[in-house]
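J.: To start, I am sharing the structure in question, which I have written as C-alpha cells.
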Amino acid sequence: MFMHYKEIWKQKIADAINALLAENGLPETVAVSGVVAEIPPQPDMGDLGFPMFAYAKILRKAPPQIAQAVREKLDSSAGSGVAKYMGPYVNVFLERAETVRELLKEAALGEKGGFGKPGSLKGVRIMVEFSSPNTNKPLHLGHLRNDILGESISRILAVCGADVRKVCIINDRGVHICKSMLAYQTYGNGATPESERIKSDHFVGKWYVRFNQMSKEDPSVEEKAQDMLRKWESGDEETRYLWKKMNEWAIKGMKETYRRTGVSFDAYYFESKTYALGKGEIAKGLEKGVFYKADDGAVMVDLSAEGLGEKALLRKDGTSIYITQDIGTAIFRHEDWAFDRLIYVVGSEQQHHFKALFSILHKLGYEWAKNLRHLSYGMVNLPEGKMKSREGTVVDADNLLDSLKEMALQEIKGKEREEAVGNPDEIAEKVALGALHYYLLQVGAAKDMLFNPKESLSFNGDTGPYLQYMGARISSMLRKASLKDGALTYPAIKPELLSGDAEWDVVKTLFDYNNAIADAAEKMDSSLVAAYAYSLSKAFSRFYHDCPILNAENPDLAAARLALSEAALFVLKDALRLVGIPFLDVM
Ligand code: ARG
C-alpha cells in the first residue's frame, strides 16, 4: 500500500517511544495517531520534525533528553532517512533518492495507483444536498457558489472512498411560484420561451420580475397570489396546468446550466411532492409532548434550552411552514437511503433554520440527527453592487458565464492563439468555468465575498486559468518529448538524479496530495484542494524554471525530469477535477 513517508516516520517515532517506556517499566503507551509531525522552519533543518514535549510527563525526562534517546533507538531501524536530535526535537532528513523512487513507482501506476485515493471514508454513506433552487427564477451567482461547493465536496468525499449521493430539492410550490404564474397569466398572452427565443428559465424569471412591478403599482396582487396558492392546494385544474408548464420551463433551463457547469445529481426531490411529509411527524411530536399548541392553535416547539427560541412548526390553520417540509424530507430520505451523514449546502442566512431542524429531529428521537451538517456559505456579490432578484438586477448565472466566456475569448484572440488552441470557443468556455470555480472555491465557504470577473481570468496569479495554463504547459512538453527519440521510454529512471532542491520540493508536494484531500473531506472544505493545486503549480513552475527538462544535459536526466513532470501532471489533473476546473491540454 502507498504510504506517505510522514506516516512511516510517525510509526517509527511511536515505536521508539513505546520501547523507551517499556524499558523504563512505565505503563503508558503512545498511539501513532497522537504523534505530531511538523515541517521544520528551515530546509536545512530537515524534512520532518517531531517535538518531544508531549512525552516529558510519561517518560519523566526533559524533552531534549527524550529526543536524544529516541534518536538512539531509531538507529537500528532507520532506513530511507537520517534522524538527528535538535534540542527538544527529533528531525528527519529523508534519503531523497529512496523517497523519489517510491514516488515514481506509485505515479507510474497512474489510475491504478494510490494517488488521489486516501480511502479515509471507505464505505461511509454520505448524502449531499445542494443547489436546491426555486422555480420562480433562474440560477444566480449565489447558486454558482453553492453548486461548485456541493459538486466539489461530493467529488472529494467520493475519492476518499465514501458512497456519495448528490441530491437537489426543487422548491416548486408556494406563493413565490404563484407570483410569476400570476404575472404570466395576466400579461403573457400565450407567449412561450420558443416564441420569445429566450432560455426557458429566464422566461419564467422575467414574469417574476414583472410581478414585482405589478405589486408596486397595485399591492392587491399580493392577495391574488395567495388566492392562487389556495387554488393550487385545492388542485384547481387550470392553476395546476399553468404551474406544471411554468415549472417545466424553469427546470429545463436550470438543467441546461447544470450541464454547462458540470454539475449533476443522483436524485431530485420536489417540494410539491414532499411538502406534506412533515405533518404526520408534527402530530406524533405533539402526542409525545415534544411540541405544544399555542393559544391560537399553531404548533410550536420550545428550543430555548438550545438557545434557538420558540419556533412554529404548523400555522394556526394547519398549513405547513418551510421547516415542516424539511423535517419530513429528512426522515423520508433516511428511509429511502440510510445515510451515515447528510450535508446540506445552503446559504448562511439559513443557519438558524438548520440548527432548529437538527435539534427538532433529535428531539423526535432520530438517532441519526447527530450526523446532519449544514455546509453554510456566505453571500457572493459582484464589485458593482448587490444581487437582488426583486429589483431584477440579479447577477444571472448564464449571463455571467457568457460574459466570462467572451472575456476569455478576447484574451485568446488578443494573444493570437486562435489557431494554436484549435477550437477557441470551446477553450474559452472551459477557461471561463475554471476561472469562476477556482475563484469561488478559493475563499473558505463561510466568508462573504466579491466575485471579480477580471481578476478571476488573469493568467498569472492565484487563479483557475493559471492552473489550467500550468497543466497545458506540462502537457505540451510531454507531447514534445514523446516526439523526441525514446525520451519517455528510456529504460530505467534514475531517481538519484532528482535530488536537487527544486525537484525535491515537487516530490514532497506530490506526497502531500492524499493528505490534502482527506483533510478537505474531514473539514468539508474544498478550498484546501484548490490551495493544494496552486502550491503544486508553484512548485512545478520553480522546477521548470530552474531545471531544463527537454534540454537536460543528458538523456538520463531528461528522462528522470520527464517522469517527475508526468507524475505532477497526473496529480494536477486529478486535483483540478475535484474542484471543477476543466483540464486543458492546449491553451
Ligand atoms: N430553495 C431554498 C431557498 O432558495 C433552499 C433550500 C435548501 N434546502 C433545504 N432542504 N431547506 O432558500
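J.: Once phi is turned into θ = phi - 60°, what whole-Hz ³J(HN,Hα) does the Karplus curve with 6.51, -1.76 and 1.60 give for every residue of the range 552-569, x standing for Gly and Pro?
T.: Values per residue, Gly and Pro as x: 4, 4, 8, x, 4, 5, 4, 4, 5, 5, 5, 4, 5, 5, 5, 4, 5, 5 Hz.
J.: Could I ask something else about it? As an exercise, find the ratio Rg/Rh for the range 404-506 from alpha-carbon atoms, using the Kirkwood inverse-distance average for Rh.
T.: Working: Rg = 17.9 Å, Rh = 16.2 Å.
Value, to two decimals: 1.10.
J.: Restricting to bridges with both residues inside the chain, how much of the DSSP beta-bridge set is antiparallel, in percent to the nearest 5?
T.: Details: 21 of 43 bridges.
Of all bridge pairs located within the chain, approximately 50 percent are antiparallel.
J.: Using modelled amide H (1.01 Å from N, peptide plane; none on Pro or chain starts), what sits under 5 Å from the amide H of HIS374, excluding residues fewer than 5 places away?
T.: Long-range HN contacts for HIS374: TYR344.
J.: If I model a spin label as a point 7 Å beyond the Cα along the Cα-Cβ vector, how far apart are those points for ALA97 and GLU419 in nm?
T.: The two pseudo-label positions are separated by 4.8 nm.
J.: Now, a different point. Is the range 211-358 best put as rounded, prolate or oblate by its Cα gyration tensor, with a ≥ b ≥ c the root eigenvalues, rounded for a/c under 1.5, and otherwise prolate when a/b is larger than b/c, oblate when not? Mind dumping the intermediate values first?
T.: Details: a/c = 1.76, a/b = 1.18, b/c = 1.49.
Oblate shape, in that a/c is at least 1.5 and b/c is the bigger or equal ratio.
J.: Rounded to the nearest 0.05, what FRET efficiency do ASP295 and GLN410 give with R0 = 41 Å and r taken as the Cβ-Cβ distance? Could you check?
T.: Numbers: r = 65 Å, r/R0 = 1.58.
About 0.05, to the nearest 0.05.
J.: Output the pairs from LYS216/LYS273; LYS199/LYS447; LYS137/LYS273; LYS224/LYS273 with a Cα-Cα distance over 22 Å in this structure; if there are none, say none. Present the calculation step by step, with values, prior to reporting the outcome.
T.: Numbers: LYS216/LYS273 32 Å; LYS199/LYS447 32 Å; LYS137/LYS273 20 Å; LYS224/LYS273 24 Å.
Listed pairs above 22 Å: LYS216/LYS273; LYS199/LYS447; LYS224/LYS273.
J.: Further question: Just the C-alpha atoms of the range 429-580: what Rg/Rh do they give, with Rh taken as the Kirkwood radius?
T.: Values: Rg = 16.6 Å, Rh = 16.3 Å.
Dividing the radius of gyration by the Kirkwood radius yields 1.02.
J.: Helix 351-363 versus the longest principal axis of the chain: what angle, 0 to 90°, nearest 10, using Cα atoms?
T.: For helix 351-363, the angle is close to 90 degrees.
J.: A further question on this structure: Taking amide H positions as placed in the peptide plane 1.01 Å from N, state which residues far from ARG125 in sequence (5 or more) or on other chains have amide H under 5 Å from it.
T.: ASP163, ASP340, ARG341
J.: Also: Once you put a point 7 Å from the Cα of ASP546 and another 7 Å from the Cα of LYS284, both along the Cβ direction, what distance in nm separates them?
T.: With each label placed 7 Å out from Cα toward Cβ, I get 6.3 nm.
J.: Starting from the amide H of ASN381, placed 1.01 Å from N in the peptide plane, find each other amide H under 5 Å away whose residue is 5 or more places distant or on another chain.
T.: The answer is MET449, LEU450, PHE451.
J.: Now for a different question. Quick check: from the Cα gyration tensor, does the range 494-587 come out rounded (a/c under 1.5), prolate or oblate? Please report the intermediate quantities before stating the final value.
T.: Working: a/c = 2.70, a/b = 1.85, b/c = 1.45.
Prolate, since a/c reaches 1.5 and a/b exceeds b/c.
J.: Right, here's the next one. Can you give me the Cα centroid spacing of the range 441-486 and the range 165-196 in angstrom?
T.: That distance is 39 Å.
J.: Starting from the Cα gyration tensor of the range 176-275, take the square roots of the eigenvalues, sort them a ≥ b ≥ c, and report rounded, prolate or oblate (rounded when a/c is under 1.5, otherwise prolate if a/b is larger than b/c, else oblate).
T.: It comes out oblate by the Cα gyration axes.
J.: In whole Å, how far is the Cα centre of the range 1-65 from that of the range 301-367?
T.: Cα centres, the range 1-65 to the range 301-367: 45 Å.
J.: Moving on. So for the range 307-389, Kirkwood radius off the Cα pairs, Stokes-Einstein at 25 °C and 0.890 mPa s: how many µm² s⁻¹? It would help to have the intermediate numbers written out before the result.
T.: Numbers: Rh = 14.5 Å.
Answer from the Stokes-Einstein relation: 169 µm²/s.
J.: While we're on this one: Can you give me the angle between helix 5-23 and the longest principal axis of the chain, using Cα atoms only, in degrees from 0 to 90, rounded to the nearest 10?
T.: It is inclined by approximately 70 degrees.
J.: Then there's this: Taking Cα atoms, how many degrees apart are the long axis of helix 397-414 and the longest axis of the chain, rounded to 10 and kept between 0 and 90?
T.: Result, in degrees: 50.
J.: If one computes P(r) from the Cα atoms of the range 315-458, what percent of pairs lie at distances over 19 Å?
T.: 66 percent
J.: Could you pull the Rg and Dmax for the range 1-129, using just the Cα atoms, both in Å?
T.: 17.1, 54
J.: Would you mind checking the radius of gyration and Dmax of the chain based on alpha-carbon positions, in Å?
T.: That works out to 29.0, 91 Å for Rg and Dmax.
J.: What ³J(HN,Hα) values, in whole Hz, does the Karplus curve 6.51 cos²θ - 1.76 cosθ + 1.60 give for the range 317-325 when θ = phi - 60°, with x put for Gly and Pro?
T.: Residue by residue, the range 317-325 yields 8, x, 7, 8, 10, 2, 6, 4, 4 Hz.
J.: Further, regarding this structure: Using just the helices of the chain, give the 222 nm mean residue ellipticity in deg cm²/dmol: DSSP H runs with n ≥ 4 each add -39,500 (n - 2.57), and the total is spread over all residues, rounded to 500.
T.: Details: 23 runs with 315 residues, N = 587.
Calculated from helices alone, the mean residue ellipticity at 222 nm is -17000 deg cm²/dmol.
J.: For the range 532-543, just list the computed ³J(HN,Hα) in residue order, Karplus coefficients 6.51, -1.76 and 1.60, θ = phi - 60°, integers in Hz, with x standing in for Gly and Pro.
T.: Those phi angles translate into 4, 4, 5, 5, 5, 4, 5, 5, 5, 4, 5, 4 Hz.
J.: Which distance in nm do the two modelled labels at HIS362 and MET3 give, with both placed 7 Å along the Cα-to-Cβ direction?
T.: 3.9 nm
J.: A further question follows. Hey, got the Cα dimensions of the range 502-556 along the principal axes, in Å, largest first?
T.: Reported extents, whole Å, longest axis first: 45, 16, 13.
J.: Excluding ligands and nucleic acids, what accessible area in Å² is computed for ASP462 using a 1.4 Å probe, to the nearest 10?
T.: The accessible area of ASP462 comes to roughly 60 Å².
J.: Turning to a different aspect of this structure: Can you sort ASP398, ASP525, ASP218, ASP448 by solvent-accessible area, 1.4 Å probe, largest first? Display every interim value, and only then the final one.
T.: Details: ASP398 10, ASP525 40, ASP218 65, ASP448 105 Å².
Result of the area sort, largest leading: ASP448, ASP218, ASP525, ASP398.
The values are calculated or read from the model by the stated rules, or taken from the named source; none is laboratory data. Since this is a predicted model, take the numbers as computed values, not measurements. Please note: Cβ atoms are built from the backbone with ideal geometry, for glycine as well, and neighbour counts cover all protein chains shown. Heavy atoms of the whole protein, side chains included, go into the accessibility calculation; ligands, DNA and RNA do not. Shrake-Rupley method; radii C 1.70, N 1.55, O 1.52, S 1.80 Å.
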